[in-house]
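The values are calculated or read from the model by the stated rules, or taken from the named source; none is laboratory data. Everything numeric here is computed off the predicted structure, so don't read it as measured data. Cβ sites come from the backbone with ideal geometry, for glycine too, and all protein chains shown count toward neighbours.
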Amino acid sequence: MKYDRALLISIDSLSRKYQYLFEDYFTIKYIKYQSTNTWTLPSHVAMLSGVMLPRLYYVMNQKDVKQFENFIQYLPTIATLLKRGGFKSRAITGGGFMSKYFGWGYDWESWQEAENTKSEWNGEKILPKKNEFLFLHTYYVHNWFNEKKKLREQLFKAKDNLEKGNKYDVRMLITEGKKAYIKRVKTIAKRLSWIKSISPRTLVILTSDHGELFSGPDSFHHGNFALTDSSIFEVPLLIRENTTNKTIEKNICYDFLLPQLICEKLDIPFESIPKMLIRRNRYIINQENLKEKMKMIFDSSIFNISNTVSQAAFYMLNIRGLKTTIRKIFFKI
Ligand SMILES: [Zn+2]
């Protein structure tokens, strides 16, 4: 085995524009890597489970969010795949949408999450142990508004006014917010310089779940409202390999291909998660609530191909025919 440990870092809301600040620590950079969602939860499902469910994750209010409470725990992640190769998986996350509340962690050896911003992992050196896959996630960049108390107050005031439908000039907030964001990106890039001295037995990957917009008079966010701006999907993908010191540029790759990519690098057999779910269907159909959750997958647009990204996903995950199979299993038609 080429590697006996692996580290995956997800810096929430980090645009590819700033990939250059981290490149020095890695040997491979992707110049066209893309996430497939605009907000934290679905992007990480794609990243960690290789499943993209855009419509399912289209969320406009708190009520919509509720449907995910018990969903993710029925979806195996890369931790399940790596177990087959003798790897234990450990996660340290910023909480929020990456907390156990949303079902994360059930197939992980350990899933720790920050209770507040002070207890969050923000770039400090933490290494995976032997035969361990370590996933580190932080909202440090995402929460740029925490840079200054005044900025945070301004943001909440703006949100409050906009939600009430009041006219509110956010130009100043956008300018100041962007400055704070870039400052935080630079800080975490510096903090991560320890990656350069990591043992060559460790595979290291750095990425993000979506970018952050600071463009236009009313755009200082990500999420569903950012769907029309393609730059929101442009995020970094950097890999530290032990085979070369030279930086290799690679072209296109999508977040839902990451579990496969990691398994291949670690010489661990890969099976696509949708296929795995089908293989386990006997178990699934015997349980009413699981059947209900699978119905959610069926209802999502993974089966309603509307763009080239999902076409590629469909093809590459080799799950053609899954729609028919699910219909047969759950709807008996
Ligand atoms: Zn996010």
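Results, tabulated for the structure shown:
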{"read-out": "Selected residue (criterion: farthest from the chain's Cα centre (by Cα)) from residues of segment 13-27 that are on the phi < 0 side of the Ramachandran plot, in a loop (DSSP other than H, G, I, E, B) and crowded, with 21+ Cβ neighbours inside 10 Å", "value": "Phe26"}
{"read-out": "Any hit, segment 110-120, residues being among the charged types (D, E, K, R) and without any contact (Cβ under 8 Å) to a residue 12 or more places away in the chain", "value": "yes"}
{"read-out": "Candidates Glu153, Glu115, Glu176, Glu124, filtered to the one that is farther than 25 Å from Phe26 by Cα and in a loop (DSSP other than H, G, I, E, B)", "value": "Glu115"}
{"read-out": "Yes/no for His210 being without any contact (Cβ under 8 Å) to a residue 60 or more places away in the chain, within 30 Å of Phe156 (Cα to Cα) and within 16 Å of the ligand (Cβ to nearest atom)", "value": "no"}
{"read-out": "Tabulated pairs, segment 158-178, first in the same structural domain as His221 (by TED's automatic domain parsing), second part of a loop (DSSP other than H, G, I, E, B), C-beta under 6 angstrom, 6+ apart or interchain", "value": "Ala158/Tyr168; Ala158/Val170; Asn161/Tyr168; Leu162/Tyr168; Ile174/Phe214; Ile174/Phe220; Gly177/Phe220; Lys178/Phe214"}
{"read-out": "Glu241 within 16 Å of the ligand (Cβ to nearest atom) and either among the basic types (Lys, Arg) or assigned by TED's automatic domain parsing to the domain that holds Thr36 (or both)", "value": "no"}
{"read-out": "Boolean, Glu153 is closer than 26 Å to Thr175 by Cα and surrounded by fewer than 15 Cβ atoms within 10 Å (Cβ to Cβ)", "value": "yes"}
{"read-out": "Selected residue (criterion: farthest from the ligand (Cβ to nearest atom)) from residues of segment 97-112 that are surrounded by 18 or more Cβ atoms within 10 Å (Cβ to Cβ) and in a helix (DSSP H, G or I)", "value": "Phe102"}
